[in-house]
Amino acid sequence: MANSAEGSTTHETHHVAESHADHDHHHELGFWRKYVFSTDHKVIGIQYGLTSLLFLFIGFTFMMLMRWQLAYPGEPLPLIGWLFSDETMPGGVMLPEFYNQLGAMHGTIMVFLGIVPLAVGAFGNYVVPLQIGAPDMAFPKLNMASYWVYFVGGIVMLVSFWVPGGAAQSGWTSYPPLANIVMTGQTMWLIGMVFLITSSLLGAVNFLTTIIQLRADGLTFFRLPFFVWAQFVTSFLLLLAFPPLEAAGVLQLMDRLVGTSFFMPSGLVVSGEALDVAGGGSPLLWQHLFWFLAHPEVYVLILPAMGIVAEVIANNTRKPLWGYKVMVYSLIFLGFMSFIVWAHHMFITGMGTAISGFFQITTMIISIPSVIILSALLLSLWGGSIRFTTPMLFALAFLPMFGIGGLTGLPLGLAPTDIPLHDTMYVIGHFHYVVAPGTILALFAGIYYWYPKATGRKLNDTLGKLHFWGSLIFMNGIFLPMFIQGMAGVSRRLYDGGQIYEFAEGVVHYNEFMSISAWLLAVAQIPFIINFFMSIWKGKEVDENPWEATTLEWTAAPSPPVGHGNFETIPVAHRGPYEYSVPGAATDFTPQNQP
Amino acid sequence: MDIPYTITPRADTGVYNAKLGVWLFLASEVMLFGGLFSAYIFLRIGAPEWPGMIHGESFARASDILNVPLATLNTMILIGSSVTMVLAWASLLLNRFDRYRLYMGLTFLAGLAFLVVKAFEYGSKFEHGYLPAESNFLAIYFTLTGLHGLHVIGGMVVNGYLLGPGAKMWKTKPAQFINRVEVAGLYWHFVDLVWIFLFPTIYLL
């Protein structure tokens, strides 16, 4: 082991760290420094968590409004319709422009302000330093900056609804030339994105440095929990995939504010008038730069979820993960491949069969490591004595849901089948299966799993199970009919849900069922919200390791961990992350820090 | 609580935290400029001629519009400033703080000189009405050099801080101060390197 030699040299540093920790306890931080502008990764993780859950709720609300329009086009929204202004919903009836704004902002908020900050900002921040035995992140001030930059980005996005012409309305993909010529909201969107990209850059640098530099003695790379590996690869994706979108954002800002023509082709006519621009640009350029980020972004959404599921499954099957090393290699390969599949989003742009051919091949290749990871998680269940705890239910549901999402993606990765399905509801069904019943269920698993660590109390199981079954059933109620609608040819961006098209006649009535499912999904979140807040005070108190887990956050730190430095003494790792049911061991779990 | 390896390198990785952090940040910067250079290639390949028509006048070579001698001068200035940056760091290692002040001051002045030259270049473009909106060539020129200019300003802010108020750390925590100068240097060399790619691609090719 390379680390055992290094262990002796670093010992000294840790003693220094401990003596300083004692010293620090003497002066208490004030309220603002402790809870608002904190540099403690645990507080920042919780800040990220609460903010991103709020944004998930906002993004979901946008969709619930849109689903009214889709189910009952042109009918005034009952009960709350009067709340909206005449520019958005005169008399409670949604205007097409407002529908487009809600659509664009639903996507943006869910991806960039909801799921990524929850998966990476919240879980990564809270759990990674604890799992690797670090006193904090490598750069605590950058960590704080990262959260506040994210917060400002979120505010910019929300405020954009009140600028003239409303928020961005060219879809979350912001394709030019449309995005170049729409109202001010798009500029706000771009500025908001610059903030969010900066935040994720700061976060990614911090996570990578932390994982590489601050692992406890004895914690070699192949002793890291799979969750840490997932965050590690995710951070690389964030670090390297986001800048090209930033570049694209700069170019689009130039187009919008300075009048350049990066994305404006020559001879463009809008509303019967020739546009007064130099021309010579290419809308395809935006799509290339955008998808260069946005495809790896898909893996940013899914890898932390896989990491959470791996932790929960190992813990609740009471046996090691099946094929841990193969899973790690698959993860790294997946991360690498995710940079060279982006143009499979662009098969119908006319970029040519040779390029399409290349991206079809890479897309088929990238499905292999995903299938390996999913299969390994499934095989991990084999022969385990499974505990059906609340987090485990969510983790188990992730497997088939992500499976549906992944398998329905295959026809989209091949040009001949993608061409008829492109931009239909089928695509919406596909990626929502990956992200909603996939990632979001896994994130819920994570909340139920680590909540006791963060608060010292468990979430209520009855309410948790109610939340689980409601979420699972209604999510499928929303997304399953989308495949049928999509295969009938219904486009994803129709203000009336496809009512005016004859070919949609047989499937358009599903809209009502899907909308009711969406509203019931909101109802299913009520037990969760009650549970989340009530358990802070009323939840069952737990000791440091209520799940009888093996990883360091459970075995070496109290619940909740100590304010400064997490651990009373920095732990030393002696074994791999998932030593469950070791023959001859005293208990069915052997902690990583047990000599 | 102290974070380990803020000053001394970790034995198995061989670097201290900030150094690794800056390298990762620079990797991200490579992707940012990489995206912009790719955009340049993409647009240029699609264009019938380059730089092409500006104000009804056809240009065959970039050097017919842009001022190559001034840009060459700027290249020299930036390369020189990278050398003084290294010397500033080396002076601290040799415990010569006076020399550090000198070399860091020169680095800062070189950054300033670069921006002044750039301002003259921009000024003469504006005078002729060569604005970014006129053609994609000019749009690329202004966007790439402008973004690079912002990076130069960012570097000067850091260098200025390390020269002025930040230099107090030399008395209290010299090892950490040397690290700071080192990572600021890594960034400064990167800014220099970007220009070394920008100069031939935009001005000469």
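Coordinate-derived values only; no laboratory data. Model, not experiment: these values are computed from the prediction. Cβ placement follows ideal geometry from the backbone for every residue including glycine, while neighbour counts extend to all protein chains displayed.
One table, with the values for the structure above:
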quantity	calculated
The stretch A:576-593 - phi-based ³J(HN,Hα) in whole Hz, Karplus 6.51/-1.76/1.60, Gly and Pro as x	x, x, 10, 8, 9, 6, 6, x, x, 6, 5, 10, 7, 9, 10, x, 4, 9
Inter-probe distance in nm under a simple model that places probes 7 Å from Cα toward Cβ, at B:ILE153 and A:TYR35	3.9
Over 21 Å [Cα-Cα, the stretch B:83-183], rounded percent	45
Amide H partners (placed H, <5 Å) of B:MET53, local residues excluded	B:PHE59
Where labels lie 7 Å past Cα in the beta-carbon direction, separation of A:ILE368 and A:SER385 in nm	3.9
Dipole-positive endmost among A:GLY203, A:HIS295, A:LEU268 within the stretch A:198-315 (Cβ charges, Cα centre)	A:GLY203
C-alpha center-to-center spacing [the stretch B:1-68, the stretch A:337-360] in angstrom	25
Using a Förster distance of 41 Å, the FRET efficiency for B:ASN95-B:TYR122 (Cβ separation, nearest 0.05)	0.45
Under the Karplus curve 6.51 cos²θ - 1.76 cosθ + 1.60, θ = phi - 60°, whole-Hz ³J(HN,Hα) for the stretch B:102-109, x wherever Gly or Pro sits	4, 5, 5, x, 5, 4, 4, 4
Estimated Rh, chain A: Kirkwood, alpha-carbon pairs, angstrom	25.1
Average beta carbon contacts from partner chains per residue of A:279-286, 10 Å cutoff	4
Options B:LEU115, A:MET105, B:SER38, ranked by Cα towards positive dipole end of the protein assembly as shown, top entry (Cβ charges)	B:LEU115
Computed helical MRE - 222 nm, the protein assembly as shown, DSSP H runs ≥ 4 contributing -39500 (n - 2.57), nearest 500	-21000 deg cm²/dmol
Theoretical FRET efficiency, 1/(1+(r/R0)^6), r = Cβ-Cβ of B:LEU112 and B:LEU204, R0 45 Å, to 0.05	0.95
Within 10 Å of each Cβ in A:242-254, the average number of Cβ atoms from other chains	5
Backbone HN-Hα couplings from phi across the stretch A:538-548 [Karplus 6.51/-1.76/1.60, Hz, Gly and Pro as x]	9, x, 5, 5, 10, 8, 5, 9, x, 8, 6
Amide H within-cut-off set for A:PHE589, under 5 Å, with H built and near neighbours excluded	A:SER581
Overall Cα dimensions of chain B - principal axes, largest extent first, Å	64, 34, 23
Selected from A:LEU410, A:PHE232, A:ILE516, residue furthest toward positive end of dipole (the protein assembly as shown; charges at beta carbon)	A:PHE232
Globularity index of the stretch A:354-411, i.e. its alpha-carbon radius of gyration over 2.2 N^0.38 Å	1.46
Simple Cβ-charge dipole of the protein assembly as shown, Lys/Arg +1 and Asp/Glu -1, about Cα centre, in debye nearest 20	1340
Modelled label reach - A:VAL562, point 7 Å along Cα→Cβ, the stretch A:123-162 residues with backbone N closer than 18 Å	A:129-137
